[in-house]
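Structure, as structure tokens:
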Amino acid sequence: MAADVTAGVLSTWPADPRKRTPAEWDQVRASIPGGEHLPSSLIKGRTRQVVTFAKVNGRLPVDVFELEGVPRIGRMLLLAACDRQQATIERSDTDAGRALLRLQLPLRPDPRGYRDWTWVACPIRLPSTVPAAAVLHLPTLRLTDGTLRADLAYTHPVPKAARTGHTVAVGVDWGLNTLLSAGALRLHDSGRITALGAGGQFRAAGILAKQHRLRRLSERLQAKADHYQRLIGVDERHHLVGKHAVIRDEIRHVSARRQNLNDALAWAAARWTVDQAIAARATVIYLEDLRSMEARGMGHSLNTRLSQQVRGKIVDRMRHLAAEAGVAVVTVAARNTSKHCPRCLTPLRHCKAPDRPTTPGWKWAICPNQSCRWQGDRDHGAWRRIAARGLTHQAKTVTDKTTGAMMIRTVVDELEANAVVTPSTSNASRTDRSKTGPTRHEPPRPAPRRRRAPSPTRPHGQAGKRPEGHAPTDRRLPRAAHRHQDVTTISTPTAGHRPRGAALGAGFHLHAHATPPRWETIPETEPDSGSPS
């Protein structure tokens, strides 16, 4: 596919690569096999890659092999091509979590006969995800950081995912900080579509922020390495050669961290989505077509974050996990999923928050149709639109011949008119509980400042427990009991927060609410004093 797209872009190179005319778009799509269904983002990405190559070399590349570099592949041993005379794998009869891999390895670098080979047994511990009745296949052996790892493939029967005939579907919408928003819809026999619950969200703001920091660190290291390479030139005895090697090692280390973080996030998000489908007893998951999504017009930094999310990995893991449960995963065209109301298809009006309807924003959506007046989170409205579009366009689902992925490529206006989510009967009969005035707050019952019961007495003249009260003012408390405590406290994001009462520094209230730590001056007369570093 990459070779066909590259050849089509080069054969119909536009006059202005930054903006093609409609005629040039028709030419490039006609020159690519299946180009009429190809998203424009793929063609634009390949065009930008060719432009970068032309700036460096002063000419256009010949084909994709000149455009892209040589792929780097780690050392591995593919045992799938071996027969039983060279390698075998058997599962343990007593322990289903163990397997034995036997293979023939040479005894010398240049084996000349059968005597130069010997059988080697390699015990393998299977993960808990491998079913006990699964059939094991010969693995691929990889050497990673001095450890031999086996990529083991196995097969076991699973229910076949259906292409059509779905009545309960889960819709998935992509976001930035809220990575996934999903919920279930039901298609009734009458053609009416209703929502099953309010849906849920998979938030990964912390992980995505860490990923963004690692990306920026990698960019800075790469810029420094390129600068050192320009200074070194061809001089192998330059004094910056050692520093350049250290930076290259650090770049590989950061890249490995980013890859591990992306893998963990992809598996977690995919597992969460499939669990939502299993809990709702859905037979299909509809999600936006990733290839039709472009990041533009939001600034350089935000565009990069949107483009480098792990959406592709999440979809691959989602298809793998959903296949085990017999759930189909179908991509749907993402046109106007966040723009139109899920109940009446009226263009929505977006604002910053429900209590700030006049402030411009994008998070909260309000339907201006007076007969509908639906409002909700923008992402929640989008997953309803995606699931409803998938249920009404089931007959338009096609299967890609090369990848086997199911997708809905086009949107039919007649079917789209029926992709509306009607409120359920219970919600329609519910009384209106909209807020029309200020909320009345009942004054809380004041808690006693001291215990009503006397403190218990102890034998042999020992003092009892002191009743709870204010912090003493006649003597100096330990440093850790003051308002500006040590770094072990939990800071609150609210600016200007001031704890009151016992939280100021007495007893077990030390870590209830703490302001950001600020260092205080300690008199030098106290023992073990000093300023923290």
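The values are calculated or read from the model by the stated rules, or taken from the named source; none is laboratory data. Every value quoted in this text rests on a predicted model; they were computed, and no experiment measured them. Neighbour counts run over all protein chains shown; Cβ positions are idealised from the backbone, glycine included. Areas reflect the complete protein model, heavy atoms only, side chains present, ligands, DNA and RNA absent. Shrake-Rupley method; radii C 1.70, N 1.55, O 1.52, S 1.80 Å.
Take the conditions touching a Ser or Thr at 6+ places or on another chain (Cβ under 9 Å), of a type outside the set (D, E, K, R) and part of a helix (DSSP H, G or I) and apply them to His212. Does it pass? Criteria met by His212. Scan region 238-261 and tell me whether some residue there is touching a strand residue (DSSP E or B) at 6+ places or on another chain (Cβ under 9 Å) and open to solvent by less than 30 Å² (accessible area, probe 1.4 Å). No, region 238-261 has no match at all. Per this entry, Val158 is not counted among residues that are open to solvent by less than 30 Å² (accessible area, probe 1.4 Å), over 17 Å from Tyr286 (Cβ atoms) and either at pLDDT below 90 or assigned to a loop (DSSP other than H, G, I, E, B) (or both).
Here region 47-101 is the region considered, the condition is being of a type in the set (S, T, N, Q) and surrounded by 13 or more Cβ atoms within 10 Å (Cβ to Cβ), and the residue that is modelled with the highest pLDDT is Thr88.
Out of Thr178, Thr167, Thr129, one residue alone is open to solvent by 60 Å² or more (accessible area, probe 1.4 Å) and under 30 Å from Arg385 (Cβ atoms). It is Thr167.
Pairing residues of region 8-34 that are farther than 18 Å from Arg48 by Cβ and open to solvent by 40 Å² or more (accessible area, probe 1.4 Å) with residues that are acidic (Asp, Glu) and modelled with pLDDT of 85 or more, at Cβ distances under 6 Å and at least 6 apart in sequence or on separate chains, gives Pro33/Asp4.
All conditions in (1) assigned to a loop (DSSP other than H, G, I, E, B); (2) among the small types (Gly, Ala, Ser); (3) in contact with a helix residue (DSSP H, G or I) (Cβ under 7 Å, 6 or more places away or on another chain) hold for Ala182, with the sole exception of (1). On the basis of being open to solvent by less than 60 Å² (accessible area, probe 1.4 Å) and in contact (Cβ under 8 Å) with a residue 12 or more places away in the chain, does Gln201 make the cut? When the stated conditions are applied, Gln201 passes them.
Among the residues of region 328-348, is any of a type in the set (Gly, Ala, Ser), open to solvent by less than 20 Å² (accessible area, probe 1.4 Å) and over 16 Å from Asp289 (Cα atoms)? Among the residues of region 328-348, not one is of a type in the set (Gly, Ala, Ser), open to solvent by less than 20 Å² (accessible area, probe 1.4 Å) and over 16 Å from Asp289 (Cα atoms), which makes the answer no.
With respect to the stated conditions, Leu138 fails to be in contact (Cβ under 8 Å) with a residue 40 or more places away in the chain, farther than 17 Å from His156 by Cβ and under 37 Å from the mean Cα position of the chain (by Cα).
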